[in-house]
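Read through the structure below, which is laid out as structure tokens, and then see the notes.
The values are calculated or read from the model by the stated rules, or taken from the named source; none is laboratory data. Remember, predicted model here, so these are calculated numbers, not experimental data. Heads up, the Cβs are rebuilt from the backbone with ideal geometry, glycines too, and the neighbour counts pull from every protein chain shown.
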Amino acid sequence: MERFDRGLAFMLQYENIAWYEDGAVRILDRRCYPRTVSFVTCRHYGEVAQAITDMVTQSAGPYPAAAMGMALAAYECRGRSEAEQRAFLLNAAETISSARPTTAKRMARVCETMLEAAEAAWKRGEPVDLAIRRRAIEANDSRYGKIAKIAVYLVDKFPDGGTILTQCFAETIVGMMLKEAKARGKKLRIFCPETRPYFQGARLTATVCYEMGFDVTVITDNMPAFVMQREHVDVFTSAADAITLDGYVVNKVGTFQIAIAAKHLGVPYYVTGVPDTVHPKIDDVKIEFRDPAFVLEAMGVKTARDGVKGYYPAFDITPPELVTGVVTDRGILSPYALADYGAKDAYEVVV
């Protein structure tokens, strides 16, 4: 089939995100990419869950990793009775989907889809691991295709020669928006905050932008307001780890403060993604807190003296009043109209 990852940067190719083959899942280690290109090999589904927890992959990377982890689980329990395999896969789904708390409900939906593929494979009498991998690839391609539609609406908001500010690593939408901009012949200048402590913006977003031929500049996390003002940023954009139906955006910590500055300076903020029906209200979202020691160092080098405490929320919450529009595959919606996403005329709710 014609895959939607064609023409995208190295780390956005399906095989270079997470890939199951011959009883193992291979995951690109984004903690050290691009200075080092290495893969973590998992031979047990629990190792896949641990890799997700340990940030071997992040942004949208955990979703294909979870799906491929389910294929690995099916391989691990091959040869057992159907009932035993089903129980094994249910346990695997629970372990993998709970690897990170803030995205647990999205991850659970991925695993549920893979369980459906397993049920179909048992009925057809085919290898369950290969059936799940096939479904995982189909799901990935479907997601890329949906994001390609989102990119069309987002790039409409980018003026030719415009300056764009990103946040963290927005995975597929970064690649798709650049692919769309290139197809239209639009030249863009992109500023990427580094997004400590894992530096996803500096290492991942900037790398994808560079590999796809765009002018890209890395800034530190305390520079966005100055850059928006001094460099005349036209659009601030990010993806989201959750978009609640009541209009709140949960994304990499730091998004909220950039949105405040953007509002003050009159810079539109467009968040990309699909409203989460599993999160009708913001109170339903659990913010993940990670090891505070990570903020006391930079890429493994200790920067604070011993005895100093750290504080590390992985995400923050941006309220709807700071969001210009939510860019979906059906159009750009007001953050106050996300319940309309599933409606036939949702595309008419355009900002």
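Restricting attention to the range 210-221, does a residue exist that is surrounded by fewer than 17 Cβ atoms within 10 Å (Cβ to Cβ), at pLDDT 95 or above, of a type in the set (Val, Ile, Thr) and not assigned by TED's automatic domain parsing to the domain that holds Asp29?
Yes, that holds for at least one residue.
Which condition number in (1) free of Cβ contacts under 8 Å to residues at least 60 places away in the same chain; (2) within 22 Å of Asp141 (Cβ to Cβ); (3) surrounded by 17 or more Cβ atoms within 10 Å (Cβ to Cβ) is the one that Arg6 fails?
Every listed condition holds for Arg6 apart from (3).
Report, by residue number, each residue of the range 32-68 that is assigned to a helix (DSSP H, G or I), out of contact with any helix residue (DSSP H, G or I) (no Cβ under 9 Å at 6 or more places or on another chain) and not β-branched (Val, Ile, Thr).
Passing the criteria: only Gln50.
If we scan the range 250-267, do we find a residue that is free of Cβ contacts under 8 Å to residues at least 12 places away in the same chain and of a type in the set (D, E, K, R)?
Scanning the range 250-267 turns up no residue that is free of Cβ contacts under 8 Å to residues at least 12 places away in the same chain and of a type in the set (D, E, K, R).
Here are the criteria: (1) over 17 Å from Ala60 (Cβ atoms); (2) in a loop (DSSP other than H, G, I, E, B); (3) out of contact with any strand residue (DSSP E or B) (no Cβ under 7 Å at 6 or more places or on another chain). Tell me which single one Phe169 does not satisfy.
Single failed check for Phe169: (1).
Kindly indicate whether Tyr270 is hydroxyl-bearing (Ser, Thr, Tyr), within 30 Å of Cys32 (Cα to Cα) and touching a Gly at 6+ places or on another chain (Cβ under 6 Å).
Here the answer is yes, as Tyr270 does meet what is asked.
Only one residue in Ile164, Ile132, Ile173, Ile150 is touching a residue at least 40 places away in the same chain (Cβ under 8 Å), over 13 Å from the mean Cα position of the chain (by Cα), buried (at least 18 other Cβ atoms within 10 Å of the Cβ) and under 21 Å from Phe199 (Cβ atoms), so which one is that?
Ile164
Filter the range 110-120 down to the residues that are under 30 Å from Asp283 (Cα atoms) and either hydrophobic (A, V, I, L, M, F, W, C) or at pLDDT below 95 (or both) and list them by number.
If the condition is that a residue be under 30 Å from Asp283 (Cα atoms) and either hydrophobic (A, V, I, L, M, F, W, C) or at pLDDT below 95 (or both), then Val110, Cys111, Met114, Leu115 are the ones that fit.
Among the numbered criteria (1) under 25 Å from Glu94 (Cα atoms); (2) not in a loop (DSSP other than H, G, I, E, B), which single criterion is violated by Met11?
With (1) under 25 Å from Glu94 (Cα atoms); (2) not in a loop (DSSP other than H, G, I, E, B) applied to Met11, the lone miss is (1).
Got a number for residues in the range 135-147 being of a type in the set (Ser, Thr, Tyr) and either in contact (Cβ under 8 Å) with a residue 12 or more places away in the chain or not in a helix (DSSP H, G or I) (or both)?
1
Can you name the strands (runs of 3 or more DSSP E) wholly within the range 193-296 that have at least 2 residues being under 15 Å from Thr163 (Cα atoms)?
Answer list for the range 193-296: 215-219, 235-238, 269-272.
Which one is farthest from Ile52 (Cα to Cα) among residues in the range 281-327 that are touching an Asp or Glu at 6+ places or on another chain (Cβ under 7 Å) and β-branched (Val, Ile, Thr)?
For the range 281-327, the residue satisfying everything is Thr303.
Give just the number: which of (1) in contact (Cβ under 8 Å) with a residue 60 or more places away in the chain; (2) among the aromatic types (Phe, Trp, Tyr); (3) in contact with a helix residue (DSSP H, G or I) (Cβ under 6 Å, 6 or more places away or on another chain) does Phe315 not satisfy?
Going through (1) in contact (Cβ under 8 Å) with a residue 60 or more places away in the chain; (2) among the aromatic types (Phe, Trp, Tyr); (3) in contact with a helix residue (DSSP H, G or I) (Cβ under 6 Å, 6 or more places away or on another chain) one by one, Phe315 breaks only (3).
Run Val327 past the list (1) buried (at least 21 other Cβ atoms within 10 Å of the Cβ); (2) touching a residue at least 40 places away in the same chain (Cβ under 8 Å); (3) in a loop (DSSP other than H, G, I, E, B) and report the number of the one that doesn't hold.
Just one mismatch for Val327, condition (3).
What residue, among those in the range 80-107 that are modelled with pLDDT of 95 or more and assigned to a loop (DSSP other than H, G, I, E, B), is nearest to Tyr33 (Cα to Cα)?
Ala99
Among Met70, Met114, which is the only one that is closer than 25 Å to Ala60 by Cβ, of a type outside the set (Asp, Glu) and in contact (Cβ under 8 Å) with a residue 60 or more places away in the chain?
Going through Met70, Met114 in turn, the sole match is Met70.
So, in the range 172-219, how many residues would count as being more than 25 Å from Glu297 (Cβ to Cβ), in contact with a Ser or Thr (Cβ under 6 Å, 6 or more places away or on another chain) and not hydrophobic (A, V, I, L, M, F, W, C)?
1
Looking at Pro197, Pro193, can you tell me which residue is in contact (Cβ under 8 Å) with a residue 60 or more places away in the chain, touching a strand residue (DSSP E or B) at 6+ places or on another chain (Cβ under 6 Å) and in the same structural domain as Tyr311 (by TED's automatic domain parsing)?
Result of the check over Pro197, Pro193: Pro193.
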